[in-house]
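The values are calculated or read from the model by the stated rules, or taken from the named source; none is laboratory data. Keep in mind that this is a model prediction, so the values were computed, not measured. Every residue, glycine as well, gets a Cβ built from its backbone with ideal geometry; the counts of neighbours run over all protein chains shown. To get the accessible areas, we keep the full protein, side chains included, count just its heavy atoms, and leave off ligands, DNA and RNA. Shrake-Rupley method; radii C 1.70, N 1.55, O 1.52, S 1.80 Å.
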Amino acid sequence: MTFQRQLNWVEFQKEYKDKTYKAFYKTYYGNAKNRKDAGFYLDIKIDYQNNKRKYADILSTIIQDLKIAKRTDFYLVVLNDELSRYFAEISYRSLSIYERKLRKLLLVITAPAGGENWSNNLGESNTVVNSTGKSSIEQGLEELDLSEYESLFFDIVVNFNEDNYDRKFKLENLNQLSKSEIIQIIRTNKPESFWNKYIQKYIQIDNIAVRMKNIRKQRNKIAHNKYFSSEDQKRFSKDVNYITRKIDEAIEEIINNSDKFDTNDMTRSLNALKKL
């Protein structure tokens, strides 16, 4: 497609899923004395009366076509992107639920330290913490942001450092250890995420590293107002909704089958990762 320099909207057609749709463009130079410095502008729009999502998807494919077909000797920069804003806005609800579930997961792990019937104190929106560490827990819930919640539960970490390395691997008695004992020490200190260590055997998440990478990548686009396409939004919603369901299952499992989980040990592990 060759664009002429137009101040009026010009109609063109877009094929999408075996149907033809009307869209419009106009092109113009910016306001500068030197045309070279002014920049060349392209506005694109598509009209709709209903099914806003479908027409947003169509417009998104047009933008993708432009990004692929543009010449290599100029830059394509999006200045006013209502399309990305639309896809970001419809993603906020899933993102909000995801963060709330992560916060609740932290709560159901750290709260039970003080009471046998702690799960009776947990409600969907009005929670009473029956614990001597109440102020500490509240502070942790308030201060941690979404990235830190993700890191707590899903980042792969090691459970040793420069100070406890010798003790963790029993270096003083290494010559007296059997092969099986050495293997067990290595397995015990294997770098892994909190989720894999305590929850994965009960609530399985498939391809967790790939899913978390995509969630963080797309969430960064939303947070920093970057280009966010229809496909970006679909991939993000698929993964974040899947992870949210798994977190919710883990919450229910910990509450209803607390005998499976050593919440004191889990809390110590979390404290080692982040001071709550």
Checklist entry - What Rg and what Dmax come out for the stretch 194-276 when only alpha-carbon atoms are used, in angstroms? => result 15.5, 47
Next on the checklist: With the cut-off at 24 Å, tell me which of the pairs Lys101/Lys226; Lys54/Lys226; Lys19/Lys45; Lys45/Lys213 have Cα atoms farther apart than that.
Outcome noted: Lys101/Lys226; Lys45/Lys213
Checklist entry - How much solvent-accessible surface does Lys217 expose, in Å² to the nearest 10, with a 1.4 Å probe and all protein chains in place? => result 120 Å²
Item to check | Computed E for Trp9/Lys197 - FRET, C-beta separation, R0 51 angstrom, nearest 0.05 | outcome: 0.30
Item to check | Accessible area per residue, Å², the stretch 217-276 with all protein chains present, probe 1.4 Å | outcome: 54 Å²
Checklist entry - Hey, got the dipole for the stretch 207-276? About the Cα centre, +1 on K and R Cβ, -1 on D and E Cβ, debye to the nearest 20? => result 660 debye
Checklist entry - Which ³J(HN,Hα) values in Hz, rounded to whole numbers, follow from the phi angles of the stretch 104-110 under the Karplus curve 6.51 cos²θ - 1.76 cosθ + 1.60, where θ = phi - 60° and Gly and Pro get x? => result 5, 4, 4, 5, 5, 7, 8
Item to check | Residue-by-residue Karplus 3J(HN,Hα) for the stretch 46-56, coefficients 6.51, -1.76, 1.60, Hz, glycine and proline x | outcome: 9, 8, 8, 10, 8, 6, 4, 4, 4, 6, 5
Checklist entry - Using modelled amide H (1.01 Å from N, peptide plane; none on Pro or chain starts), what sits under 5 Å from the amide H of Glu192, excluding residues fewer than 5 places away? => result Val157
Checklist outcome for this item: Between Phe12 and residues 5 or more places away or on another chain, the pairs with built amide H atoms under 5 Å apart involve Ala23, Phe24, Tyr25
Item to check | Residues Ser96 and Glu253, FRET efficiency given R0 of 22 Å [Cβ-Cβ distance, rounded to 0.05] | outcome: 0.45
